[in-house]
1. With the contact rule set at Cα under 8 Å and sequence spacing of 6 or more, what percent relative contact order holds for segment 102-168?
2. At q = 0.14, 0.17, 0.21 Å⁻¹, what is the log10 ratio I(q)/I(0) for segment 86-183, with the Debye formula run over Cα points and no solvent?
3. Taking a probe of 1.4 angstrom, what is the accessible area of TYR156 in Å², to the nearest 10?
4. Which order do LEU37, LEU158, LEU13 take by accessible area at a 1.4 Å probe, largest first?
5. As a check on your grasp of the helix formula, calculate [θ] at 222 nm for the chain: sum -39500 (n - 2.57) over DSSP H runs of n ≥ 4, divide by the residue count, round to the nearest 500.
6. Per residue, how much accessible surface does the chain expose to a 1.4 Å probe? Answer in Å², no decimals.
7. Between (i) 31, 18, 15; (ii) 22, 20, 17; (iii) 29, 16, 16, which entry matches semi-axes √(5λ) of the Cα gyration tensor in Å as derived from the coordinates of this structure?
8. Which percent of the accessible heavy-atom area of the chain goes to carbon and sulfur, probe 1.4 angstrom?
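The values are calculated or read from the model by the stated rules, or taken from the named source; none is laboratory data. Computed from a predicted structure; not experimentally measured. The accessibility values were calculated without ligands, DNA or RNA, using every heavy atom of the protein model including side chains. Shrake-Rupley method; radii C 1.70, N 1.55, O 1.52, S 1.80 Å.
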Amino acid sequence: AESFGVEGGHGSLIEGVQPDSPAAAAGIKRGDIIVALDGKPVSSESDLRINVSQKKPGTVIKIDFVRDGMKQEADITLGNLSENDKIAGENGDILLEGVSVRAVNDELARKYELASKEGIVITNIDNASPFGRVLAVGMQIIEVNDRPVSNVAQAYKLLRKGAVNRLWVAFKGQAAYVALRIP
C-alpha cells in the first residue's frame, strides 16, 4: 500500500484491465487501487468482486481510486460477461476472502474427481485466506446453511455475515459438515 501511495492499507489493486471493458472505458489502469465503491470502503479484492457481482448489468457505480498517490473517482457502467469470459476466469468467482469457486461442470468434475455434478467447487485458495485451514482446492460445496447451491451468487446470498455458517461439502470421497465463522 505504501509503495502505491495508499494510506490505511486497504483497497483492491488493479493488476490488469481488459481492453474494451467498462473499466477501460472509464479510464481505469493497471496499478490503480480501488478504495471505495459507491461511497463504501473496499477492504480487499474479494470485497470488491463480491460487491460488483451483486449489481445488475447497466448499473452505474462510482469508484474512488488512488493513482500515483492521488485520489480520483470514476463512474463505471457495468456490462455483461459473455460465456467465454465466464469460462476464461481460471480461478472463478470469489465466495469468501481468498476463496475462488466455480459451478461444477463436466470438466471440473473430471479434474477434481467429483462424485457428482452438484454445487460449486473450490478452484483456488490464496495463501493469506483466513479460510485456508478449513477449506481445500477441489472441495465441493453442495449446501450452504442447509440450502442446495448451484452457483457462487446463490452461495454468497446464503452466507450469514457475523455468524457461524454450515457448509455441506464433499472432498476426496468423503462428505461432511464444515462450520465457518464469517466476520
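1. Details: 94 pairs, mean separation 20.1, N = 67.
Answer for segment 102-168 is 30 percent.
2. -0.44, -0.67, -1.06
3. Near enough 40 Å² of accessible area.
4. Numbers: LEU37 10, LEU158 40, LEU13 70 Å².
Solvent-accessible surface, decreasing: LEU13, LEU158, LEU37.
5. Working: 5 runs with 32 residues, N = 183.
Calculated at 222 nm, the ellipticity per residue is -4000 deg cm²/dmol.
6. Working: 11200 Å² over 183 residues.
Normalised by residue count, the accessible surface of the chain is 61 Å².
7. (i)
8. Details: 5320 of 11200 Å².
On the chain, the fraction of accessible area on carbon and sulfur atoms equals 48 percent.
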